[in-house]
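The values are calculated or read from the model by the stated rules, or taken from the named source; none is laboratory data. Nothing here was measured: the structure is a model prediction, and the numbers come from that model. When we count neighbours, we look across all protein chains shown, and the Cβ atoms used for this are built from the backbone with ideal geometry, even at glycine. These area figures cover heavy atoms from the full protein model, side chains too; ligands, DNA and RNA do not enter into them. Shrake-Rupley method; radii C 1.70, N 1.55, O 1.52, S 1.80 Å.
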There are 2 protein chains.
Amino acid sequence: MSELYKAVSFTDVNLEDTFWMPRMETNRLRTIPIEYIQCKDTGRLDAFKLKWKPEMPNEPHIFWDSDVTKWIEAAAYTLATTPDTELEKLLDEVIEDIASAQQKDGYLNTHFTAVEPDKRWTNLRDLHELYCAGHMMEAATAYYQASGKRLLLDVMERYTDHIISVFGIEDGKKRGYCGHEEIELALVKMYHTTGDKKYLKQAQYFVDERGNSPLYFDIEAIARGEKPEDYWAKKYDYCQADKPVREHDKIAGHAVRAMYLYSAMADLARETNDIGLRKACDRIWDDMTNGKIYITGGIGPSAANEGFTTPYDLPNETAYAETCAAIGLVFWAHRMLQLECDGKYADEMECALYNGALSGVSLDGEKFFYANPLAAHPGINPNSNSWAGSSDYTYQRSEWFGCACCPPNIARLIASIGNYIYSVSDNTLAIHLYSAGTAKMQVKNTGVTVRQLTNYPWDGQIAMMLEVAHPTEFAIKMRIPGWCGGAVASINGQEINVAEHTERGYLTITREWQTGDHITLVLPMPVERVYSHPDVRQNNGCVALQRGPIVYCIEQEDHEVPIHRIILPTQAELQPEYNSELLGGVVVIKGEAITPEMSAWKDVLYRTNRLNAENKVKLTAIPYYAWCNRTPGAMRVWIPETGG
Amino acid sequence: MSELYKAVSFTDVNLEDTFWMPRMETNRLRTIPIEYIQCKDTGRLDAFKLKWKPEMPNEPHIFWDSDVTKWIEAAAYTLATTPDTELEKLLDEVIEDIASAQQKDGYLNTHFTAVEPDKRWTNLRDLHELYCAGHMMEAATAYYQASGKRLLLDVMERYTDHIISVFGIEDGKKRGYCGHEEIELALVKMYHTTGDKKYLKQAQYFVDERGNSPLYFDIEAIARGEKPEDYWAKKYDYCQADKPVREHDKIAGHAVRAMYLYSAMADLARETNDIGLRKACDRIWDDMTNGKIYITGGIGPSAANEGFTTPYDLPNETAYAETCAAIGLVFWAHRMLQLECDGKYADEMECALYNGALSGVSLDGEKFFYANPLAAHPGINPNSNSWAGSSDYTYQRSEWFGCACCPPNIARLIASIGNYIYSVSDNTLAIHLYSAGTAKMQVKNTGVTVRQLTNYPWDGQIAMMLEVAHPTEFAIKMRIPGWCGGAVASINGQEINVAEHTERGYLTITREWQTGDHITLVLPMPVERVYSHPDVRQNNGCVALQRGPIVYCIEQEDHEVPIHRIILPTQAELQPEYNSELLGGVVVIKGEAITPEMSAWKDVLYRTNRLNAENKVKLTAIPYYAWCNRTPGAMRVWIPETGG
């Protein structure tokens, strides 16, 4: 097994850039307060008071707890970088309510305490009970790390002890695991925070038991008096339980569930050097990236199963591509990257971060996408997988959702974005992402500070300055993105041969580093035309535009004709242009496209004459993540191309 | 108002062609017997014995009666042209059972007699009660005309008297009408059969009352203790009741319902010279044909409402395009054609007959499509509007459906196909369709026999011979199809100027006709490349192939590469080729297309290099109606086109 890495915590990474830092501020000042109010107004917070009685409004839903605790996690991350006594007070109040809801035996779940106490642990397959526990653990570890306060962590230690007493292979325990994975990766966090191996062991149990015969979900269904074959999702690959996880070789089922499971498997592979888990992750990763991922890093095209379908089936207008799934992909890719510093993981991580995950929140931080389609057209709702009923309907972000997993998920991601930039191993400092700012880390027990000066992602020029406590030999790995050709690098002004020193997407320089050393990296960012595999039938004859890590789209607002009529000639020149006034400051892509002359199509739906008459039309492409921040309307990533 | 026409009955049209006649035989010998067995086995026939009790299997469903009576109608039509004592005996038995189910007050409906007697006439909006009555009336008139036997007609006269006593504007009556139109056109048939104007009047009532304020469906919902706004379909345009029918200007809602309503409106416009109804029909017709109809004559793209969506929204893989809707379009177009002999109606009628309706039944007459997509891909089910869950899934015809409206509907259409060929008015004989055979009719009280010799639709050469009881001056109108350019015609060997004598799609020759006159018509049938309006975004960059009235598709079975990889160059020559061995004898279209070289795409999903390397691939297109009669697999009508 190759060298293992550990991510440099976001608390040691001080971002000073114009891309992520403003988003972190918006997240802290707008998104997180709004999410608190939503949790309050919808009854999610009060649910912990356990005062709900039948016939009252706001019946605690089975996964409400997770919405609150994901919000706590997000808020805790912001506290860790930006102290805020008022927010801390609010968190303490919420956490006291949570603590008060804990039962004598350690159990803690509002729905199964207040609404259906007789159903506790009777339907792990469908009811998210352990999933909620997992999110509570993540919140507990985050808040403990941010504040040093133990209350929620203590509560969760007791709850986890209870869970360990109920689930396991030992006699008298249930051999269960959750239909929606999450607790597995959360238990690893409990282990990292407490150092207690029992958590790691329980995570291993949940992962190892999954999909074994006889299937626990069947046993449990029979115990409920149901027929296992009546399972609503029909097949157990929906929840990755169709076979033992070490035998998995295709990505399938519910996309968020898959990402959380494989994140945990990557964690366990790292912690326990488990080759079987690692190999399964590799097979699944390849299956996903070879045919089941959008150019935006979105995954899971179908609303029907909130998940994966068949290879190369990547519809655009009905792309579900849930925000949480792209976030889950970031989690998994990041963990794979700690197992092996391979650019293929960092490429997808970066892609999802800058595109398919980030699109999940509006620029003002106040509205959210659940589904992230790659084309929008009046009347089409990717959430419902069916006609919305009216051409008046236009898909747009929402203030909240009945199933509100995405808003706090994007909040916790943005609040901890610094996590994804650096890793260290015994002898190596790896730089995965580029973003202006300063980070501190230990390499070979030596304090190292890296300062990046760059306007990435709008510009590929990066200067890096080092401070090293004392001159030390180690390797610096700098990612050369998969989208980049012709990277140029120099150390202390001396150019180095990038191709020669680059392997698996990382330029690696081993030398004695000392304070004052500086590296410059130039990652050329021409506007690229991207094509998809011919079996992605939805994109036949179409092109997408990308520049650096940013995937572009065209939006109705910027165009004179309905955008589905726009055709991009292969010869058309495309120019990047920074516009500080637009969408918070973005590089747009400008060019001239063509559009059919419509006069001959009046009252004609089909004709045998192709009518090559066409007009010129100005094309303006904006970053995909920034779509739907003006007048909601049509959008598309894939544009018909002609002439080549 | 222009000259009114009356269709020449299929009983006077003797088809001797190789296209429809074999289908009529298959319909008579395979489809109709199979449908009887299905009705028997599923309990639909026994339902009329009224012996069902709670907890028994085969609970009579709300619209089972209509499946049986549509089957009776189909069987009656076959009897009318091909006597069959065994079938007639079977029909008499079934009809006796139906008669025995009639209640003392004339009411006749198995569900609302055996299952929910307390719910009679309480939910016209959703429960198809008058719809079932309508299909029973159609069966009654068909069987009376075929056999001269009055039993079912008498039963239905009594039932209709009951319905008239319940529904109307008079004091004490309910001002109701059916959520699923059908009874309106059926009442016109009752009027035609009995001559009693009360039926026409009741049809007028149902049509005129529809959509008036206050809305009956709301009143009725409140009476049931429901909130009108909880209507599951949300908007009343689903059942064309959002406003009075004379104000309709857009085609909307459930496609079959719309077709049946507008068929009745065309009937009433004809019978009562009702300009308001006629104008509404015209507006809706134009709205439909200008942007809401597939090239196959399929209508209603969405499974969600089994109906219409927004202009130019014509998805291919998920096209619902219900078989019944295309059949309904034939009904409506045919009725419009009797109001005005305009080729625009005949063009759509012919298109639906040869393509989107006919595709609804397999060549062996034993399997049926409910949805008729214009592209099929593994995993996609147009019936469910969602991912079918597995790439193993392939859409194909079924032996029967829980909701079995389509199989008997296509059976009654094919059994009476002769109806659609000729019409007569006071001074005119109109020929709408071409098909080898002999038809007898009266024009100006003179017996006229027309004999067509042709191999249409595979060949556009048509010879017509006339027999006229005595030399008589009248006009003959011969349709020059909208798909046809350069038609040539001659009378008794003398060429006539087609363009000069053609108006609104009909070549019109007025003269004294006599026995021995012969007309030849040559309708050139080159392979045509058809393009759709640029706002049909699903077809951007694509071409469809058509020859004569036949729309073509490519099917996986005939191709070496997955068909979504096939690209048709604009310059590629396309040749028609008759193949007597294939699919019952069809003209296929052959040509050479291109397909991307795949070697560079191994394990690559996106790339910035377009890779123009391509291979040649033979293309074979088959008639759309004949798809899915071999190995079920991928199919597409719209093919990407390149180079022009």
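Exactly one of these conditions fails for A:W400: (1) surrounded by fewer than 24 Cβ atoms within 10 Å (Cβ to Cβ); (2) out of contact with any helix residue (DSSP H, G or I) (no Cβ under 6 Å at 6 or more places or on another chain). Give me its number.
A:W400 satisfies all of (1) surrounded by fewer than 24 Cβ atoms within 10 Å (Cβ to Cβ); (2) out of contact with any helix residue (DSSP H, G or I) (no Cβ under 6 Å at 6 or more places or on another chain) except (2).
Here is a check on your reading of the model: is A:A47 touching a Leu at 6+ places or on another chain (Cβ under 8 Å) and either surrounded by 22 or more Cβ atoms within 10 Å (Cβ to Cβ) or under 20 Å from A:C132 (Cβ atoms) (or both)? Can you show your working first?
Details: touching a Leu at 6+ places or on another chain (Cβ under 8 Å): no; either surrounded by 22 or more Cβ atoms within 10 Å (Cβ to Cβ) or under 20 Å from A:C132 (Cβ atoms) (or both): yes.
No; evaluated as a whole, the condition is false for this residue.
Kindly check whether there is at least one residue in the stretch B:61-82 that is outside the structural domain of B:L583 (by TED's automatic domain parsing), without any contact (Cβ under 8 Å) to a residue 24 or more places away in the chain and surrounded by fewer than 18 Cβ atoms within 10 Å (Cβ to Cβ).
No, the stretch B:61-82 contains no residue that is outside the structural domain of B:L583 (by TED's automatic domain parsing), without any contact (Cβ under 8 Å) to a residue 24 or more places away in the chain and surrounded by fewer than 18 Cβ atoms within 10 Å (Cβ to Cβ).
Consider the stretch A:290-309. How many of its residues are without any contact (Cβ under 8 Å) to a residue 40 or more places away in the chain and more than 7 Å from chain B (Cβ to nearest Cβ)?
Step one: filter the stretch A:290-309 for residues without any contact (Cβ under 8 Å) to a residue 40 or more places away in the chain, giving A:290, A:301, A:309.
Going one step further and asking which of them are more than 7 Å from chain B (Cβ to nearest Cβ), we end up with A:301.
So the count comes out to 1.
Could you tell me how many of the residues in the stretch B:390-445 are in contact with a strand residue (DSSP E or B) (Cβ under 8 Å, 6 or more places away or on another chain) and assigned to a loop (DSSP other than H, G, I, E, B)?
Total satisfying the criteria: 16.
Going by what's in this entry, would B:K119 be described as more than 23 Å from B:H180 (Cβ to Cβ), open to solvent by 10 Å² or more (accessible area, probe 1.4 Å) and without any contact (Cβ under 8 Å) to a residue 24 or more places away in the chain? Give the derivation first.
Working: more than 23 Å from B:H180 (Cβ to Cβ): no; open to solvent by 10 Å² or more (accessible area, probe 1.4 Å): yes; without any contact (Cβ under 8 Å) to a residue 24 or more places away in the chain: yes.
Answer is no for this residue.
Go through the stretch A:562-574 and give me each residue that's open to solvent by less than 30 Å² (accessible area, probe 1.4 Å) and either within 20 Å of B:P311 (Cβ to Cβ) or in a loop (DSSP other than H, G, I, E, B) (or both).
In the first step, residues of the stretch A:562-574 are kept if they are open to solvent by less than 30 Å² (accessible area, probe 1.4 Å); the result is A:563-564, A:566, A:568-569, A:572, A:574.
A:I563, A:H564, A:I566, A:A572, listed by residue number.
Restricting to the stretch B:453-501, what's the tally of residues that are in contact with a Leu (Cβ under 8 Å, 6 or more places away or on another chain), touching a residue at least 24 places away in the same chain (Cβ under 8 Å) and aliphatic (A, V, I, L, M)?
11
Mind checking whether some residue in the stretch A:319-342 is free of Cβ contacts under 8 Å to residues at least 12 places away in the same chain and part of a loop (DSSP other than H, G, I, E, B)?
Let us first name the residues in the stretch A:319-342 that are free of Cβ contacts under 8 Å to residues at least 12 places away in the same chain, namely none.
No - not one qualifying residue is present in the stretch A:319-342.
Rundown of residues vs (1) among the hydroxyl-bearing types (S, T, Y); (2) crowded, with 22+ Cβ neighbours inside 10 Å; (3) over 29 Å from the mean Cα position of the chain (by Cα); (4) in a loop (DSSP other than H, G, I, E, B), yes/no style:
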site: B:G516; (1), (2), (3), (4): no, no, yes, yes
site: B:L521; (1), (2), (3), (4): no, yes, no, no
site: B:M525; (1), (2), (3), (4): no, yes, no, yes
site: B:R529; (1), (2), (3), (4): no, no, no, no
site: B:D535; (1), (2), (3), (4): no, no, no, yes
site: B:Q546; (1), (2), (3), (4): no, yes, no, no
site: B:Y552; (1), (2), (3), (4): yes, yes, no, no
site: B:E560; (1), (2), (3), (4): no, no, yes, yes
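Can you name the number of the only condition in (1) open to solvent by 10 Å² or more (accessible area, probe 1.4 Å); (2) more than 28 Å from A:S9 (Cβ to Cβ); (3) β-branched (V, I, T); (4) in contact (Cβ under 8 Å) with a residue 12 or more places away in the chain that A:T193 fails?
Unmet condition: (2).
Is it the case, given these coordinates, that B:T42 is surrounded by 17 or more Cβ atoms within 10 Å (Cβ to Cβ) and of a type in the set (S, T, Y)? Don't jump to the end; show me each part of the working.
Numbers: surrounded by 17 or more Cβ atoms within 10 Å (Cβ to Cβ): yes; of a type in the set (S, T, Y): yes.
Spelling it out, B:T42 is indeed surrounded by 17 or more Cβ atoms within 10 Å (Cβ to Cβ) and of a type in the set (S, T, Y).
For the stretch A:409-449, give me the residue count where each residue is closer than 17 Å to A:Q514 by Cβ and touching a Gly at 6+ places or on another chain (Cβ under 9 Å).
2
Could you please find all residues in the stretch A:437-465 being among the aliphatic types (A, V, I, L, M), open to solvent by less than 10 Å² (accessible area, probe 1.4 Å) and in contact with a Lys or Arg (Cβ under 9 Å, 6 or more places away or on another chain)? Full working, then the answer.
Within the stretch A:437-465, the first condition is being among the aliphatic types (A, V, I, L, M), and the residues that meet it are A:439, A:441, A:443, A:448, A:450, A:453, A:462-465.
Filter once more, so that each one left must be open to solvent by less than 10 Å² (accessible area, probe 1.4 Å): A:439, A:443, A:448, A:450, A:462, A:464.
Listed by number, the residues that qualify are A:A439, A:V448, A:V450, A:M464.
Being among the aromatic types (F, W, Y) and either within 14 Å of another protein chain (Cβ to nearest Cβ) or on the phi > 0 side of the Ramachandran plot (or both) is the filter here; which residues of the stretch A:212-268 pass it? First the steps, then the outcome.
Pass one, the stretch A:212-268, residues among the aromatic types (F, W, Y): A:216-217, A:231-232, A:236, A:238, A:260, A:262.
Selection gives A:Y231, A:W232, A:Y236, A:Y238.
Please work out if A:D282 is of a type outside the set (A, V, I, L, M, F, W, C), within 14 Å of another protein chain (Cβ to nearest Cβ), surrounded by fewer than 23 Cβ atoms within 10 Å (Cβ to Cβ) and within 15 Å of A:M336 (Cβ to Cβ). Working first, answer last.
Numbers: of a type outside the set (A, V, I, L, M, F, W, C): yes; within 14 Å of another protein chain (Cβ to nearest Cβ): yes; surrounded by fewer than 23 Cβ atoms within 10 Å (Cβ to Cβ): yes; within 15 Å of A:M336 (Cβ to Cβ): yes.
Against the criterion (of a type outside the set (A, V, I, L, M, F, W, C), within 14 Å of another protein chain (Cβ to nearest Cβ), surrounded by fewer than 23 Cβ atoms within 10 Å (Cβ to Cβ) and within 15 Å of A:M336 (Cβ to Cβ)), A:D282 qualifies.
Given the conditions (1) under 15 Å from B:A258 (Cα atoms); (2) open to solvent by 30 Å² or more (accessible area, probe 1.4 Å); (3) of a type in the set (A, V, I, L, M), which single one is not true for B:I299?
It is condition (2) that B:I299 fails.
Could you go through the stretch A:95-110 and let me know if any residue there is of a type in the set (D, E) and not in a loop (DSSP other than H, G, I, E, B).
In the first step, residues of the stretch A:95-110 are kept if they are of a type in the set (D, E); the result is A:96-97, A:105.
Checking the rest, the ones that are also not in a loop (DSSP other than H, G, I, E, B) come to A:96-97.
Yes, the conditions are met somewhere in the stretch A:95-110.
When you scan the stretch B:374-384, do you find a residue that is of a type in the set (S, T, N, Q), more than 9 Å from chain A (Cβ to nearest Cβ) and open to solvent by 20 Å² or more (accessible area, probe 1.4 Å), even just one?
From the stretch B:374-384, those of a type in the set (S, T, N, Q) are B:381, B:383-384; that's our starting set.
If we keep only those that are more than 9 Å from chain A (Cβ to nearest Cβ) too, we end up with B:381, B:383.
With the extra rule that they be open to solvent by 20 Å² or more (accessible area, probe 1.4 Å), the set shrinks to B:381, B:383.
Checked against the condition, which is being of a type in the set (S, T, N, Q), more than 9 Å from chain A (Cβ to nearest Cβ) and open to solvent by 20 Å² or more (accessible area, probe 1.4 Å), the stretch B:374-384 yields at least one hit.
Restricting to the stretch B:200-231, give me the number of residues that are over 25 Å from the mean Cα position of the chain (by Cα), touching a residue at least 40 places away in the same chain (Cβ under 8 Å) and outside any helix (DSSP H, G or I).
2
Suppose we filter the stretch B:575-597 for residues that are over 12 Å from B:K618 (Cβ atoms) and open to solvent by less than 80 Å² (accessible area, probe 1.4 Å); how many remain?
Residues in the stretch B:575-597 being over 12 Å from B:K618 (Cβ atoms) and open to solvent by less than 80 Å² (accessible area, probe 1.4 Å): 11 in total.
Residue by residue through the stretch A:127-157, note down the ones that are part of a loop (DSSP other than H, G, I, E, B) and either buried (at least 19 other Cβ atoms within 10 Å of the Cβ) or under 23 Å from the mean Cα position of the chain (by Cα) (or both).
Our first condition is that a residue be part of a loop (DSSP other than H, G, I, E, B); within the stretch A:127-157, this holds for A:127-128, A:148-150.
A:L127, A:H128 - these are the residues of the stretch A:127-157 that are part of a loop (DSSP other than H, G, I, E, B) and either buried (at least 19 other Cβ atoms within 10 Å of the Cβ) or under 23 Å from the mean Cα position of the chain (by Cα) (or both).
Mind listing just one residue for me: the one in the stretch A:199-245 that is under 24 Å from A:P301 (Cβ atoms) and hydrophobic (A, V, I, L, M, F, W, C) and, of those, surrounded by the most Cβ atoms within 10 Å (Cβ to Cβ)?
Only one residue tops the list, namely A:C239.
Here are some conditions: (1) in a loop (DSSP other than H, G, I, E, B); (2) at pLDDT 95 or above; (3) open to solvent by 10 Å² or more (accessible area, probe 1.4 Å). A:T309 meets all but one. Which one does it not meet?
With respect to (1) in a loop (DSSP other than H, G, I, E, B); (2) at pLDDT 95 or above; (3) open to solvent by 10 Å² or more (accessible area, probe 1.4 Å), A:T309 is out only on (2).
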